[in-house]
Amino acid sequence: MCRVLFAVGDGKEMTPLVKAIVRASEKDPYKEARGKGSQHRDGWGYVLLTGSSIHHYRSVKPVFDDDFGVESLLKSLDGFSVLMVHTRAASQGSKEIVNTQPFSLSSTGFSCWIYHNGDLDKEGLIKKAGLEEEPLTNASDSYVMALHVCKELRSAEKNELLRVYSSLMPFVKTSLNTGSLFLGHEWVRGFITAYSRPEYILKRENWDYVRQIKLKREGLFAVASSTLELYYETEWKPVTNGTAFYIDIFPEDESFRVEELVMG
């Protein structure tokens with residue numbers, strides 16, 4: 001499983017968040033407590049929306065060994081921004097760029113970028129989506145999930161996003177921690193889910209690892225993996241399991257509006 005970050009607001013205030021996810025990916029005590037090693041080293045990527053441009057970067061290098069990629073991101077954090085970061089610890093799928101997140105896809109009327117943290121029933125998702133299994137042999141469960149989401153969505157409206165992402169809950173083995181950015185004609189929206197299978201998080205070590213935390217203050221909103229709290233001390237708040245966040249984003253006005261929803 002992986003470490004994730006979704007942030008919207010003042011780009012300069014995202015600098016410590018990026019530095020925290022790099023450190024959290026190099027040494028993750030919550031991952032280590034589960035006997036699964038301490039690193040997220042199987043590639044990383046980000047999506048950054050600033051002004052009228054969007055930058056999408058993916059590398060099979062560990063984020064903590066990719067000085068060029070990290071420095072380029074940090075230098076780009078200026079002004080109003082939307083940022084998604086994903087660092088991978090592979091559990092399903094080959095360790096190749098095709099499985100490195102965030103994924104970039106398109107659907108009718110919009111483009112989208114999606115990341116996922118957790119384990120899903122890949123075979124079940126393939127059947128649900130009506131996809132052919134053989135071409136997806138080396139694909140990750142997260143990749144299949146992203147294909148299904150973009151195929152299933154009829155729009156990027158709040159209720160439709162909640163419907164489609166909630167429909168994934170029966171396929172969750174561990175967690176469905178996702179971040180998505182949707183870009184249409186004259187609109188931008190974000191959607192975040194924080195859900196873990198109840199039986200899985202009965203064990204304290206698992207909950208410590210998969211839970212998500214949120215940061216909300218004037219000009220900044222962020223949701224991130226738990227480990228970032230160890231490397232950036234700020235006013236983090238816990239995210240209740242089964243929560244989704246719908247974010248209306250207005251780049252021209254340099255503003256955003258967050259609505260908290262219940263999945264299911």
Scan region 73-119 for residues that are out of contact with any strand residue (DSSP E or B) (no Cβ under 7 Å at 6 or more places or on another chain), small (Gly, Ala, Ser) and within 21 Å of Lys36 (Cα to Cα) and jot them down.
-> Ala89, Ala90, Ser91, Gly93, Ser94
Take region 25-39 and flag every residue that is in contact with a helix residue (DSSP H, G or I) (Cβ under 7 Å, 6 or more places away or on another chain), over 17 Å from Asp67 (Cβ atoms), part of a helix (DSSP H, G or I) and not aromatic (Phe, Trp, Tyr).
-> Pro29, Lys31
Across region 126-166, the tally of residues that are of a type in the set (A, V, I, L, M, F, W, C) and touching a residue at least 24 places away in the same chain (Cβ under 8 Å) stands at 11
Strands (runs of 3 or more DSSP E) wholly inside region 210-262 containing at least 2 residues that are over 29 Å from His40 (Cα atoms) and either modelled with pLDDT of 95 or more or not aromatic (Phe, Trp, Tyr) (or both) | 243-250, 255-262
Residue count for region 149-176, restricted to those that are among the hydroxyl-bearing types (Ser, Thr, Tyr) and more than 29 Å from Trp207 (Cα to Cα) | 1
Of the conditions (1) crowded, with 17+ Cβ neighbours inside 10 Å; (2) touching a helix residue (DSSP H, G or I) at 6+ places or on another chain (Cβ under 7 Å), the single one that Val47 does not satisfy is (2)
Residues of region 210-255 being out of contact with any Gly (no Cβ under 7 Å at 6 or more places or on another chain), touching a residue at least 60 places away in the same chain (Cβ under 8 Å) and of a type in the set (Phe, Trp, Tyr), which ones?
-> Tyr231, Tyr232, Tyr246, Phe250
Residues of region 206-230 that turn out to be exposed (fewer than 15 other Cβ atoms within 10 Å of the Cβ) and closer than 21 Å to Ala89 by Cβ, as a count = 1
Starting from region 167-194, take each residue that is modelled with pLDDT of 95 or more and list its partners that are part of a loop (DSSP other than H, G, I, E, B) and basic (Lys, Arg), counting only C-beta distances under 8 angstrom and pairs at least six apart or across chains.
-> Val172/Arg197; Lys173/Arg197; Thr174/Arg197; Ser175/Arg197; Ala194/Arg211
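The values are calculated or read from the model by the stated rules, or taken from the named source; none is laboratory data. Quick caveat, the model's predicted, so the values are computed rather than measured. Heads up, the Cβs are rebuilt from the backbone with ideal geometry, glycines too, and the neighbour counts pull from every protein chain shown.
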